[in-house]
1. Please give, to one decimal in nm, the separation of the simple spin-label points placed at Ser4 and Glu25, each 7 Å out from Cα toward the Cβ.
2. Ignoring any ligand, DNA or RNA, what whole percent of the accessible area of the range 7-141 comes from carbon and sulfur when the probe is 1.4 angstrom?
3. Given the options Val137, Val92, Val103, state which has the largest fluctuation in a GNM of the chain using a 10 Å cut-off (strictly under) for Cα springs.
4. Could you tell me the accessible area of Phe179 in Å² (1.4 Å probe, neighbours in place), rounded to the nearest ten?
5. For the pair Ser170 and Gln117, how long in nm is the line joining their label points, each one 7 Å along Cα→Cβ?
6. Using the Kirkwood formula over every pair of different C-alpha atoms, what hydrodynamic radius in Å results for the range 68-116?
7. For the chain, modelled as a GNM with alpha-carbon contacts under 10 angstrom, which of Ile159, Ile91, Ile80 fluctuates the most?
8. Ordering Asp71, Asp36 from largest to smallest accessible area (1.4 angstrom probe), what's the sequence?
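The values are calculated or read from the model by the stated rules, or taken from the named source; none is laboratory data. Fair warning: this is a prediction, and the values are worked out from it, not measured in the lab. When we count neighbours, we look across all protein chains shown, and the Cβ atoms used for this are built from the backbone with ideal geometry, even at glycine. Remember, those area values only see protein heavy atoms, side chains included, never the ligands or the DNA or RNA. Shrake-Rupley method; radii C 1.70, N 1.55, O 1.52, S 1.80 Å.
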Amino acid sequence: MIESIINRASCGRLEAPAPSKEHMELMFQAALRAPDHRGLKPWEYIVFEGEEALNRLGDYLLQASLKEQPDLGEEAQLKIKGKPHRAPMVIVAVAKAQNHPKVPHIEEVLSVGAGVQNLILGAYDLGYGVYWRTGGVAYNDYLKEPLGLGYEDTIVGFIYLGTPSIELKSKPVPKVEEFVRKG
Ligand SMILES: Cc1cc2nc3c(=O)[nH]c(=O)nc-3n(C[C@H](O)[C@H](O)[C@H](O)COP(=O)(O)O)c2cc1C
């Protein structure tokens, strides 16, 4: 387990097949065990799988981008629309924060971040390739409506999932003493 966490590597080159239904269930169970102050469960995961769903997500990305930048050129538009097709499955991870009086907003977003990391580690452990992206469009408010999100919701990432089409290379582990000190 600890080895799998240390050796984890993102994979930007993903192909079919996407994770199986059974494996997705396990990965989501892992995600839903994220630490969660006061049990607010501020998590939502929206799964886009297959050609039609990925096309739809591409349209959402493009329409939202055009609202911010109406003069986007044809090439840029095609690039944005094609982004979800970098994997057979994309999960949009969302913090549906409740803004509880005793739980600062950031803690709800952090809980989704922890959930995403659990999901990513699960995917890696099960042999899948995975890449956590945001890009500017995650912070584009126009994306919220087509995704069925409220204005207060936060997109924490687009999680690209599939089968690695290249050999995964783990990055060197940073030196512990450079980031850790005694208090
Ligand atoms: C919140 C968050 C957003 C990220 N967004 C992007 C992104 O938009 N594009 C990108 O290339 N990497 C992004 N990354 C980084 C990659 O997911 C990945 O961690 C990085 O390429 C390092 O690779 P590694 O995970 O194998 O160490 C993001 C990471 C986090 C935590």
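1. Placing both labels 7 Å along Cα→Cβ, they lie 1.8 nm apart.
2. C and S atoms contribute 51 percent here.
3. Val103
4. Roughly 150 Å² of Phe179 is accessible to a 1.4 Å probe.
5. For the pair Ser170/Gln117, the computed spacing is 1.7 nm.
6. 13.9
7. Ile80
8. Asp71, Asp36
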